[in-house]
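Any read-out appearing in this document is the output of simple, stated calculations on the displayed coordinates, not a laboratory observation. Quick caveat, the model's predicted, so the values are computed rather than measured. Because the Cβ atoms are built from the backbone with ideal geometry, glycine has one as well, and the counts that use them run over all protein chains shown.
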Amino acid sequence: MAQRGMNIVMVGNVVLSVDCLREMFCCDMQACRGICCVEGDSGAPITEAEATAIEGITDSILDDLSPQAQEIIMEQGISYVDREGDLVTSIVGGKDCVFTCYDEQGNCLCAIQKAQQEGRISVGKPISCSLYPIREKQFRGGLVGLNFHRWDVCRPACRQGKRLGIPVYKFLRKPLIQRFGEEWYEELEQTAQQLKEEGYL
């Protein structure tokens, strides 16, 4: 049952900013070239379970990574605890995710995702990466918060989403289902439809 507050809705045990339903978004790789894996001052949030799984397949993707990334992994591992106390993927040069690689056109790719798509590994990239630009925060009592994160490098994605009429929650349908389940996502869709009919979206 959804409960509406000032700028939030609640679906199950998840509190969402209404922007997660209102904002339009669709990645535009031709414009951004995957720069979200490069820009930033911290790595991607990662769970301990994800870190353990990725550590198990690192040898399979090591050759896809830059020499600098390989050195970082050998020295400190695939993850570290950042200034905010969160476990995140290791970074190179203070910004690049260690799992960054590039295609022939110079587009930035995730080496984990690339290897999974090629059938070389079964482990996927961290769910926080798949959910971006929606960011997750854990609260006490099992409550989860979701918020739409605005970043200049993603402006082309916002423009393309608006042009195509794709709300961010629909663009992220698969990772949201992966994280919260099919039943939860169906309730999310019902909530969005209800808010639309009431003029909130």
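So here's what we get for this one:
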{"item": "Helical segments meeting 24 Å axial Cα length and Kyte-Doolittle 1.6 threshold in the chain (DSSP H)", "result": "none"}
{"item": "Candidate aspartates and glutamates for bridging to LYS95, where Cα separation is under 20 Å - those fewer than 8 sequence places away on the same chain excluded", "result": "GLU39, ASP41, ASP64, GLU71, GLU75, ASP82, GLU84, ASP86, ASP103, ASP152"}
{"item": "Percent RCO, i.e. relative contact order, over the chain, from Cα pairs under 8 Å lying at least 6 residues apart", "result": "31"}
{"item": "For ILE8, distant residues with modelled amide H under 5 Å away", "result": "VAL18"}
{"item": "Fully extended contour minus Cα-Cα distance, from ARG135 to LYS196, at 0.36 nm per residue", "result": "19.7 nm"}
{"item": "C-alpha center-to-center spacing [the range 93-159, the range 161-201] in angstrom", "result": "19"}
{"item": "Inter-label distance, nm, simple model (7 Å from Cα along the C-beta direction), TRP184/GLU118", "result": "3.2"}
{"item": "Per residue, the convex hull volume that the Cα atoms of the chain enclose (Å³)", "result": "135"}
{"item": "Cα gyration tensor category, rounded, prolate or oblate, for the range 33-124 with a/c compared to 1.5", "result": "oblate"}
{"item": "Taking the range 33-124 and dividing mean pair separation by its residue count, relative contact order in percent (alpha carbons under 8 Å, at least six apart)", "result": "37"}
{"item": "Prolate/oblate/rounded call for the range 89-201, Cα gyration tensor, a/c under 1.5 rounded", "result": "prolate"}
{"item": "Cross-link table LYS125/LYS196; LYS174/LYS196; LYS137/LYS170, entries beyond 27 Å C-alpha to C-alpha", "result": "LYS125/LYS196"}
